[in-house]
Amino acid sequence: MGKQEDFVLRALEERDVRFVRLWFTDVLGSLKSVAIAPAELEGAFSEGIGFDGSAIQGFARVHEADMLLKPDPSTFQILPWRGEAPATARMFCDIAMPDGSPSFADPRHVLKRSLQKAAEAGFTFYTHPEIEFYVFRGKPDVGGRPVPVDDSGYFDHTAQGGGQDFRREVITMLENMGISVEFSHHEGGPGQQEIDLRYADALSTADNVMTFRTVVREVALSQGKWASFMPKPFTEHPGSAMHTHLSLFEGDENAFYEAGAEYQLSATGRSFIAGVLEHTPEITAVTNQWVNSYKRLASGYEAPNYLSWGHNNRSALVRVPMYKPHKSGSARVEHRGIDAGCNPYLTYAFVLAAGLKGIENGSTLPPETEDNVWSLTDRERKTMGLTPMPRNLDEAIREMESSELVAETLGEHVFDFFLRNKRQEWDAYRSQVTQFEIDRLLPVL
């Protein structure tokens with residue numbers, strides 16, 4: 001037993017913890033949980049807790065179903081919405097095979113492998129997500145239209161709908177769990193909120209995003225509301241993104257910063273962006289993994305749809321924010337393509353892998369896009385050499401199928417499962433007759 005395990009075992013007694021929830025995610029990013037009694041935790045630390053992996057999306061085939069949950073003691077936190085006495089705690093888990101080796105189907109392990117590759121190159125990867133979501137008056141009825149909690153807009157300060165109180169309760173719970181919040185405000189759509197988490201290493205951030213989604217849903221349910229991270233719940237209102245600021249550090253030095261360079265962006269930072277742009281078509285099926293994701297990308301509202309970068313250009317896929325003088329540590333780039341429904345572990349693993357490939361190959365950054373990409377004509381975009389991102393999940397799957405980067409990052413088993421799952425989703429989606437078709441065609445055909 002190490003110091004962290006000892007701390008957790010002592011905390012169980014001191015905080016009167018009766019239930020310990022072991023959290024993990026499947027390949028699609030759905031949170032899974034199993035509760036154990038405190039008396040079982042010491043054994044879980046040393047040997048793991050066995051479970052049937054075949055019951056979880058993408059984890060194992062039936063003939064190799066036995067797997068182990070290995071709790072990460074550094075993620076121990078009390079769940080504030082479960083009450084103080086008796087308390088309920090949670091820890092994230094790594095997934096292992098019966099022989100103790102890591103499971104390649106564990107999204108957390110996929111990210112750890114990418115972070116290890118970065119570490120071998122001398123880098124630490126930090127991320128800072130801005131998470132958008134909608135809050136509705138209640139759970140939408142099947143076939144019904146969701147009703148937002150308010151009619152407010154971007155940065156509006158209004159009492160109606162209780163959005164401010166909702167965000168305050170969410171932030172209080174997050175901070176009680178050791179998750180720091182930087183900003184919060186009302187977003188552009190009615191009932192749409194944004195809460196920005198403070199930057200952290202990518203693994204901690206991915207854990208925090210999974211916790212964040214759970215807290216938001218718990219607070220919504222406690223208030224008789226319904227929260228959704230669906231990328232585009234309304235045709236006429238903005239979609240929900242998870243814009244993420246990215247930076248690489250070499251020790252205490254920001255590898256993206258170079259004094260006197262254009263935008264203070266180093267050669268390393270430029271090659272990182274170039275790698276992200278080059279490999280984006282291959283990884284879009286992960287950063288935007290649902291059929292609905294492409295409704296957001298196609299709609300404008302500052303959602304990118306072309307492979308472009310720019311300085312403070314919010315229509316670009318990758319934005320270089322304004323540099324703050326005398327704050328070299330704040331040099332970073334912002335990925336604006338990621339949506340709120342992604343699997344954060346796989347998403348950060350892929351964006352990092354793409355950026356590292358750019359650095360490794362010394363990739364050259366294409367010319368900056370200064371114009372609003374959405375205001376350009378197709379001819380102007382073509383003249384500028386702007387390449388479109390995949391327009392739907394089918395195109396994204398086809399791009400991913402032949403990607404060596406994706407296959408290498410995911411591993412053969414997860415690569416095969418993910419593609420099969422997404423093909424099934426696309427096939428089910430494309431056979432649906434939509435309300436649009438009925439309204440538009442039934443009266444005239």
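When the chain is treated as a Gaussian network with alpha carbon springs shorter than 10 Å, the biggest mean-square fluctuation among A87, A105, A259 belongs to A259. Scaled against 2.2 N^0.38 Å for its residue count N, the alpha carbon radius of gyration of region 219-333 is 1.27.
Pairwise Cα separations in region 333-445 fall into 5 Å bins from 0 onward with the following percentages, short to long: 2, 8, 13, 17, 17, 16, 13, 8, 4, 2, 1, 0.
Protein-only accessible surface at a 1.4 angstrom probe places the residues I78, I283 in the order I78, I283, largest first. Size descriptor for region 125-269, Kirkwood hydrodynamic radius: 16.5 Å (Cα pairs only, one decimal).
Other residues within the sphere of radius under 12 Å centred on the Cβ of A39, judged by their own Cβ, net out at -2 (K and R +1, D and E -1). Ranking T268, V219, T235 by how far each Cα lies toward the positive end of the dipole of the chain (charges on Cβ) leaves T235 at the top. Based on Cα coordinates alone, diagonalise the gyration tensor for the chain, multiply each eigenvalue by 5, take square roots, and list the semi-axes in whole Å, largest first. One finds semi-axes of 33, 28, 24 Å for the chain.
Using a 1.4 angstrom probe on the protein heavy atoms only, line up V170, V181 by accessible area, largest first.
The ranking, largest first, comes out as V181, V170.
Between rounded, prolate and oblate, where does region 341-398 land on the alpha carbon gyration tensor, with a ≥ b ≥ c its root eigenvalues, rounded for a/c under 1.5, else prolate if a/b exceeds b/c? Since a/c reaches 1.5 but b/c is at least a/b, the shape of region 341-398 is classed as oblate. On a per residue basis, the convex hull of the C-alpha atoms belonging to region 148-209 measures out at 81 Å³. Packing-based ranking of 14-23, 262-271 yields 262-271, 14-23, ordered from highest to lowest mean Cβ neighbour count within 10 Å.
Which entries in K117/K422; K139/K232; K70/K112; K70/K422 show an alpha-carbon gap greater than 22 Å? Checking Cα-Cα distances, K117/K422; K70/K422 exceed 22 Å. Is region 1-142 best put as rounded, prolate or oblate by its Cα gyration tensor, with a ≥ b ≥ c the root eigenvalues, rounded for a/c under 1.5, and otherwise prolate when a/b is larger than b/c, oblate when not? Because its axes are fairly even, with a/c under 1.5, region 1-142 counts as rounded. Summing charges over all other residues whose Cβ lies under 12 Å from the Cβ of H128, with Lys and Arg as +1 and Asp and Glu as -1, gives -3.
The values are calculated or read from the model by the stated rules, or taken from the named source; none is laboratory data. For clarity, every value in this text was computed on a predicted model and none was experimentally measured. Reconstructed Cβ throughout: ideal geometry from the backbone, glycine too, with neighbour counts over all protein chains shown. In case anyone asks, the SASA skips ligands and DNA or RNA and just uses the protein heavy atoms, side chains included. Shrake-Rupley method; radii C 1.70, N 1.55, O 1.52, S 1.80 Å.
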